[in-house]
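What follows is one structure encoded as structure tokens, with my remarks underneath.
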Amino acid sequence: PVFAECTGLPPYLAMLTGLGAMWTLTDIIHMGEEEEEGLKVPAALSKLDTSGILFFLGILMSIGVLDKSGLLKQLAVFLSDNLPSQDIIATVIGLASALIDNVPLVAATMGMYDLADYATDDRLWQLIALCAGTGGSILVIGSASGVALMS
């Protein structure tokens, strides 16, 4: 939040900036140490699931673009205008999670509904968590575990 307030940039860029700063600091600390190659960032990154990290980074970046362009707010207004209650909106989001992975769907929903209007403990968020979590199990492609099972 501090990075976003000071720079006006999205929070995921703060994460990337922090990663870059830690990488630079680690390389400076271990500069010239041949026997400690395992302590440098490239050695640590080689042990990570890079494809998974890039997947979630891509999701968060695309959701950020949709949020900045205003499309998520337009979708929230459309749903609120055309559906009579929050229960039905959450149910529609749950049904959508049968086709779309829960993580991008809930991230998009967080961009659709402002925390100033709906507090973190609001009934809408509880319904979305329940519907997106259970809706992802309707079809095998709606959950990461289902996709992993198919491959």
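The values are calculated or read from the model by the stated rules, or taken from the named source; none is laboratory data. Everything quoted here is computed from the prediction, not taken from an experiment. Cβ coordinates were reconstructed from backbone atoms using ideal geometry, including for glycine residues, and neighbour counts include every protein chain displayed. These area figures cover heavy atoms from the full protein model, side chains too; ligands, DNA and RNA do not enter into them. Shrake-Rupley method; radii C 1.70, N 1.55, O 1.52, S 1.80 Å.
The table that follows gives values for the structure above.
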quantity	calculated
Scope the range 6-26; condition out of contact with any helix residue (DSSP H, G or I) (no Cβ under 7 Å at 6 or more places or on another chain) and over 21 Å from residue 56 (Cβ atoms); matching residues	6, 7, 8, 24, 25
Answer residue from the range 124-136, given it is free of Cβ contacts under 8 Å to residues at least 40 places away in the same chain and open to solvent by 20 Å² or more (accessible area, probe 1.4 Å) and is farthest from residue 90 (Cα to Cα) among those	133
Among residues of the range 96-123, those that are open to solvent by less than 60 Å² (accessible area, probe 1.4 Å) and either within 19 Å of residue 66 (Cβ to Cβ) or within 15 Å of the chain's Cα centre (by Cα) (or both), counted	14
Per-region count, the range 102-123, residues in contact with a Lys or Arg (Cβ under 7 Å, 6 or more places away or on another chain) and more than 16 Å from residue 92 (Cβ to Cβ)	0
Index of the failed condition, residue 49 passing every other in (1) surrounded by 13 or more Cβ atoms within 10 Å (Cβ to Cβ); (2) closer than 29 Å to residue 137 by Cβ; (3) at pLDDT below 85	(1)
In the range 53-95, the residues that are over 16 Å from residue 110 (Cα atoms), open to solvent by 60 Å² or more (accessible area, probe 1.4 Å) and among the polar types (S, T, N, Q)	82
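Results for (1) over 30 Å from residue 30 (Cα atoms); (2) polar (S, T, N, Q); (3) in contact with a Pro (Cβ under 7 Å, 6 or more places away or on another chain); (4) free of Cβ contacts under 8 Å to residues at least 60 places away in the same chain, shown as yes or no for each residue.
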| position | (1), (2), (3), (4) |
| --- | --- |
| 57 | no, no, no, yes |
| 63 | yes, no, yes, yes |
| 70 | yes, no, no, yes |
| 74 | yes, yes, no, yes |
| 79 | yes, no, no, yes |
| 150 | yes, no, no, yes |
